[in-house]
Amino acid sequence: MPRGVSRGVVALLLSCALLLTTAACNDDTKSTGSAATPSASASFEQQKLAKTRFVANAGLAAGATYQWIVKPYRAGKFQKGADGRTFALVKAGLAGAFTYNRLKAALNNAKGDPLLSKAVAPLAAGIESLKDLGTKLRKGEVGAADVGAFESVINSVKDAGKSAGAEVVDQVPSTSQLGG
């Protein structure tokens, strides 16, 4: 009986090997074209992923803006003579650059979803206006209008996301995320 079992196992293994080698052999000269065209479910997943990435990037931008720019400004940390002013300005400068970077990424993510791209497209100029504010924050040349610009752009992005079904929630990034 053990000899019969071993013959059966060998026969099964050879059959599987034969099936696998014939299945692996494919005529490369024929092209069906189905591999290059995405299916409807694939495009749906890409759109869903685009919204998720948009929400994550916009949420990090909103969290950084509030935590390290708006909140310290309202607390008077950016005024001359304030305790911890230099450190607050450096963190605000990093947060400004981080916010600009995440908003640009969110804008690119929005392009993957038709409804979201229409809602966010008008905000591109506002996001671009934040480009040099990080440097201005680091140098201590920030005023109420600069902080207001950050708040305004963040609120516009949040509203655009909400209107497209992608509600943005503030997520405070870690200090290492700001620097990295």
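No value in this document is a laboratory result; all are computed from the given coordinates. The model shown is predicted, which means the values in this text are computed figures rather than measured ones. Positions of Cβ are backbone-derived with ideal geometry, glycine not excepted, and every protein chain shown enters the neighbour counts.
In this simple spin-label model, placing a label point 7 Å from the Cα along the Cα-to-Cβ direction at both SER176 and LYS136 gives a separation of 3.3 nm. Annotation: lysines with alpha-carbon distance below 21 angstrom to LYS80 (same-chain offsets under eight excluded): LYS71, LYS91, LYS136, LYS139.
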